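Visitor: Pasting a structure below so you can have a look.
The values are calculated or read from the model by the stated rules, or taken from the named source; none is laboratory data. Because the structure is predicted, anything quoted here is derived from the model rather than measured. Here Cβ is always computed from backbone atoms with ideal geometry, including for glycine, and neighbour counts include all displayed protein chains. Side chains are part of the model used for accessible areas, which takes the heavy atoms of the whole protein and leaves out ligands, DNA and RNA. Shrake-Rupley method; radii C 1.70, N 1.55, O 1.52, S 1.80 Å.
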Amino acid sequence: MRQPKSPDLRPGYPGQVNRPTILLDCDPGHDDAIALVVAGAFTRLIGVTTVSGNASLEKTTRNALLTCQLLGLEVAIHAGASRPQIAEPRHAEFIHGASGLDGPALPPLTREPAGSDAAGFIVESASDHSDLWLVATGPLTNVAAALLRDPKLADRLAGIAIMGGGSTFGNVTAAAEFNILSDPEAADRVFRSGANLVLADLNLTHQFLLGESHIDRIRRLGGPVPTFVADLLTFYSTAYARAYSGRAEGPLHDPTAVLALSHPELFERERRHAVIELRGDHTRGMTVVDSRGSHRGEEANLDLLTRIDAEAAFEVLLAAIHSYRGGS
């Protein structure tokens, strides 16, 4: 049961909530777990699918189950691909820890997956919901498998919101971002699918940095879910400091793909053409975005999110967390 909100702590709600119908394909992962927090608060979340990425499939599925259990979200969770189409599996223990969700004290798991055919669940869900958005915050292996299984899926989906890529830099190599580099062949299929694509890349997500002052505001909300999120962000920001910048702050990647649908007024966007590099010795997995303004390029295939109102987005995040103050 969720407890009533305390007026003195209630964050602001910038803009209107669209409450889109979404299926979240994810690889929890700290920021994926927080994307679930936002999705549960501000969307019609009809299900979750998991993929190997930040951790092994066994761990990402467990983490999705634990997060939904803690949030009290009664949605079906279907496990998916345990490895990329071609490449060897790649994980991110240096950011997310051995479990993929290190930091918080987690309760005993009492839930089980509803199935192990994520691609099938995606196809079925698109048949059942004509307004379905697929939100993909991990490697795109499940999404590509679903598109291959149902050649009409791209047209039946309202769209696919993706967290991945970097139009000017990477975070695993100089050119490539983790989700895309983990399965470039899958990403290539998705980018060429003709689906209505929205892309939150590293250029966007690195505008949404959370540090100690943000974590303190979350923790002061009180309750199991704010504590869970604050503990996640404490571990995550410390890991980012150790691995990258030296500053205890981390970009909150995955929630931006949800917020782009629930709170589109937080963003600026541009129509662009993008492809995935599959063969370069130094550029495999690169998201190549055509940003030429004065040349005629290929027809745009996605909306590239270019700006986020980070201050307002944090208030929306606080509001999402606040809605769970009673915990479960």
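Visitor: With point charges of +1 on the Cβ of Lys and Arg and -1 on the Cβ of Asp and Glu, referenced to the Cα centre of the chain, which listed residue (VAL275, PHE121, SER193) lies farthest in the positive direction of the dipole?
Guide: PHE121
Visitor: Moving on to the next point. Full extension from ARG219 to PHE169: what is 0.36 nm times the residue separation minus their Cα-Cα distance, to one decimal in nm?
Guide: The span from ARG219 to PHE169 would gain 14.7 nm if fully extended.
Visitor: With only Lys, Arg, Asp and Glu charged, each at its Cβ (+1 for the first two, -1 for the last two), find how big the charge dipole of the chain is about the Cα centre; round to the nearest 20 debye.
Guide: Magnitude of the dipole: close to 380 debye.
Visitor: Now, a different point. Find how much the distance from ASN196 to SER127 grows on full extension, using 0.36 nm per residue of separation minus their present alpha carbon separation; answer in nm with one decimal.
Guide: 23.2 nm
Visitor: Leaving out ligands, DNA and RNA, what percent of the accessible area of the stretch 161-236 is carbon and sulfur, probe 1.4 Å?
Guide: 52 percent
Visitor: Keeping all protein chains in position, work out how much accessible area HIS214 exposes to a 1.4 Å probe, and write it in Å² to the nearest 10.
Guide: Its heavy atoms expose roughly 50 Å² to the probe.
Visitor: Output the 0 to 90 degree angle, nearest 10, between the alpha-carbon long axis of helix 57-71 and the longest principal axis computed from the alpha carbons of the chain.
Guide: The answer is roughly 40 degrees.
Visitor: If you don't mind, another one. Relative contact order, percent, of the stretch 216-328 when contacts are C-alpha pairs under 8 Å separated by at least 6 residues?
Guide: Contact order relative to length: 31 percent.
Visitor: Also, quick follow-up: Along Cα→Cβ, 7 Å out, is where each label goes; now give me the distance between the ones at SER56 and ARG19 in nm to one decimal.
Guide: Those two pseudo-labels are separated by 4.1 nm.
Visitor: Classify the stretch 136-243: rounded, prolate or oblate, from the alpha-carbon gyration tensor (a ≥ b ≥ c, eigenvalue square roots; a/c under 1.5 rounded; otherwise prolate if a/b is larger than b/c)?
Guide: prolate
Visitor: Okay, next question. Counting Lys and Arg as +1 and Asp and Glu as -1, what is the net charge of the other residues whose Cβ lies under 10 Å from the Cβ of GLY166?
Guide: Value of the local net charge: -2.
Visitor: Which part of the stretch 184-213 falls in the paramagnetic zone of ALA300, meaning amide N under 20 Å from the point 7 Å along Cα-to-beta-carbon?
Guide: So the set is 190-205.
Visitor: I would also like to ask the following. Mind running the shape call on the chain? Use the C-alpha gyration tensor, a ≥ b ≥ c as the square roots of the eigenvalues: rounded below 1.5 for a/c, prolate if a/b tops b/c, oblate otherwise.
Guide: Taking the square roots of the gyration eigenvalues as a ≥ b ≥ c, the chain is rounded.
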